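Structure in structure tokens, see below.
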Amino acid sequence: MDTLQYLGQGFGVALSPNNLLTALAGTTIGTIVGLLPGLGPINGVALLIPVAFALGLPPETALILLAAVYLGCEYGGRISSILLNIPGEASAVMTTLDGYPLARQGKAGIALSISAWSSFIGGFIATVGVVIFAPLLATWAVSFGPAEYFMLMVFATACLAGMAGDKPVKTAVAVLIGLMLSCVGIDANSGVYRFTFGSLGLSDGIQFVVLVLGLFSISEILTLLERTHHGQKAIKASGRMLFNMKEGASVFATNLRSGVLGFTFGILPGAGATLASAMAYMTEKRLASKDNRFGNGDLRGLAAPETANSASACGSMVPMLTLGVPGSGTTAVMMGALTLYNITPGPLLFQNQPDLVWGLIASLFIANVILIVMNVPMIKVFTRVLEVPNWTLVPAIAIITSIGVYAVHATTFDLFLMIGIGVFGYILRKLDFPLSGVLLGFILGGLMESNLRRALSISNGDLGVLWASPISMTLWALVAFIVALPFWRAWRARKRTATMLPDA
């Protein structure tokens with residue numbers, strides 16, 4: 001009962017005219033920022049912190065603004081992913097796998113409406129989870145140490161081959177390429193230059209923005225130039241802009257499963273929406289029947305990552321508020337905003353600043369409603385992007401991509417590196433290697449290395465720490481199962497074939 005009273009108090013804060021307008025402005029800005037490749041929620045939130053402070057916003061209003069921008073970015077990232085096959089940020093990578101094929105089939109409006117609805121469901125499930133399960137789940141998240149996180153990344157890497165059941169070898173090679181790319185740069189511990197080939201530009205490693213825009217944006221430009229003629233429209237959207245009841249019912253179970261999964265990953269500090277969307281996609285593909293169209297325009301393949309994205313974004317608030325530990329890079333930036341107001345996130349925050357905490361939680365409900373109400377009528381406007389002729393669209397993508405990359409370090413080296421990666425990505429596309437595997441391998445590689453180093457540092461180099469806890473042992477067992485499953489399926493198929501031969 002106390003929880004409901006506090007939540008009612010939070011709605012009183014969030015529904016005040018100033019905070020309501022702030023949430024509306026934040027969701028609008030977030031959607032635009034998420035749409036632009038290379039910016040993402042971290043940059044969007046970081047850019048607005050000085051604005052909020054300069055305007056003299058009270059802490060609860062500032063936090064509502066930043067949270068609204070965060071959720072808006074998760075919504076906005078789907079638009080360029082579906083329409084242009086260019087993920088606006090890391091967590092939108094999985095959306096391209098089935099979202100873009102749906103757009104190419106003339107179902108851009110249906111894809112955008114399904115993704116908006118899925119994001120709303122994911123955000124709603126996670127916000128209810130924040131209200132009910134925050135203390136319990138935050139305690140469980142503390143049990144994940146560096147060794148457990150390393151094993152979680154190993155498990156995720158092993159699962160990546162499941163994204164493309166018909167080409168597991170190529171997927172595994174793509175993941176390995178991503179892991180190798182994550183090793184480029186100066187070793188944080190020893191200071192040794194790794195795979196830089198004497199280039200100072202590579203000493204800081206390959207920036208995520210450079211990699212993602214090179215792999216997806218530049219390679220997509222080359223594909224468009226190859227596929228279309230001067231002035232030809234690449235894709236046409238069908239007349240129907242909204243999904244129907246049958247399509248909504250077909251993804252409802254996916255929404256529920258992915259919402260719970262995304263929230264669970266969201267409360268794990270550092271896991272983030274990228275890992276949540278990948279795991280949700282792979283889970284749904286494994287649960288799907290043999291006649292699924294994952295990777296070729298399956299609505300469940302679109303609904304799963306979109307639901308998990310929003311659920312993870314809301315779930316990442318749990319460790320920030322209850323433990324003072326950022327659940328994602330974006331919440332780390334939000335924690336920095338709180339320190340400007342001399343507020344320390346942690347268990348005492350619920351006691352000392354109830355208006356701040358419960359106002360933020362209530363604003364998550366409100367922001368999700370604003371986003372779906374705002375985004376669904378805009379679907380027809382978004383699909384107009386598909387009507388732009390390629391001779392206009394290609395230069396526009398190239399300009400936006402170049403600005404996004406140049407803004408990172410303001411060096412021309414990053415631009416040339418992006419072009420080189422784009423050509424390499426185009427070759428991988430022609431050879432039918434999944435680019436998402438390269439990108440996810442790159443993301444997981446950095447997390448794996450940092451957590452492995454921390455685990456071995458704590459244990460003084462004893463490898464036994466990697467299987468010392470029940471969580472690690474469970475993850476080892478799951479990894480063994482995932483690795484053995486393709487061999488078991490192959491053996492079973494050979495056995496079935498051998499049994500049928502005498503009858504033939």
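The values are calculated or read from the model by the stated rules, or taken from the named source; none is laboratory data. Only a predicted model underlies this, so the values are computations on that prediction, with no experimental measurement involved. Positions of Cβ are generated from backbone atoms using ideal geometry, with glycine treated the same way; all protein chains shown enter the neighbour counts. Calculation scope for accessible area: heavy atoms of the full protein, side chains included, ligands and nucleic acids excluded. Shrake-Rupley method; radii C 1.70, N 1.55, O 1.52, S 1.80 Å.
Looking at 200, 160, 215, which one is surrounded by 15 or more Cβ atoms within 10 Å (Cβ to Cβ) and either farther than 29 Å from residue 123 by Cβ or at pLDDT below 75 (or both)? I'd like the intermediate steps shown before the answer.
Values: 200 fails: surrounded by 15 or more Cβ atoms within 10 Å (Cβ to Cβ); 215 fails: either farther than 29 Å from residue 123 by Cβ or at pLDDT below 75 (or both).
Within the list 200, 160, 215, the selection yields 160.
Moving to a separate point now. Output the residue which, of all residues in the range 163-183 that are surrounded by fewer than 20 Cβ atoms within 10 Å (Cβ to Cβ) and assigned to a loop (DSSP other than H, G, I, E, B), is modelled with the highest pLDDT.
Among residues in the range 163-183 that are surrounded by fewer than 20 Cβ atoms within 10 Å (Cβ to Cβ) and assigned to a loop (DSSP other than H, G, I, E, B), the one modelled with the highest pLDDT is 183.
Now, a different point. If only one of 106, 122, 99 is part of a helix (DSSP H, G or I), in contact with a Ser or Thr (Cβ under 6 Å, 6 or more places away or on another chain), touching a residue at least 40 places away in the same chain (Cβ under 8 Å) and more than 20 Å from residue 69 (Cα to Cα), which one is it? Outline the logic, then answer.
Values: 106 fails: part of a helix (DSSP H, G or I); 122 fails: more than 20 Å from residue 69 (Cα to Cα).
Only one candidate passes the filter, namely 99.
Follow-up question, since we're still on this one. Are any residues in the range 474-501 open to solvent by less than 100 Å² (accessible area, probe 1.4 Å) and either at positive phi or without any contact (Cβ under 8 Å) to a residue 40 or more places away in the chain (or both), and if so, which ones?
Passing the criteria: 474, 477, 480, 484, 485, 490, 493, 497, 498, 499.
Yes/no per residue for (1) assigned to a loop (DSSP other than H, G, I, E, B); (2) under 30 Å from residue 110 (Cβ atoms); (3) open to solvent by less than 60 Å² (accessible area, probe 1.4 Å); (4) at pLDDT 85 or above:
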{"residue": "21", "(1), (2), (3), (4)": "no, no, no, yes"}
{"residue": "27", "(1), (2), (3), (4)": "no, yes, yes, yes"}
{"residue": "32", "(1), (2), (3), (4)": "no, yes, no, no"}
{"residue": "37", "(1), (2), (3), (4)": "yes, yes, yes, no"}
{"residue": "47", "(1), (2), (3), (4)": "no, no, no, no"}
{"residue": "53", "(1), (2), (3), (4)": "no, no, no, no"}
{"residue": "57", "(1), (2), (3), (4)": "yes, no, yes, no"}
{"residue": "67", "(1), (2), (3), (4)": "no, yes, yes, yes"}
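For residue 327, work out the one condition from (1) within 17 Å of the chain's Cα centre (by Cα); (2) modelled with pLDDT of 75 or more it doesn't fulfil.
Failed condition: (2).
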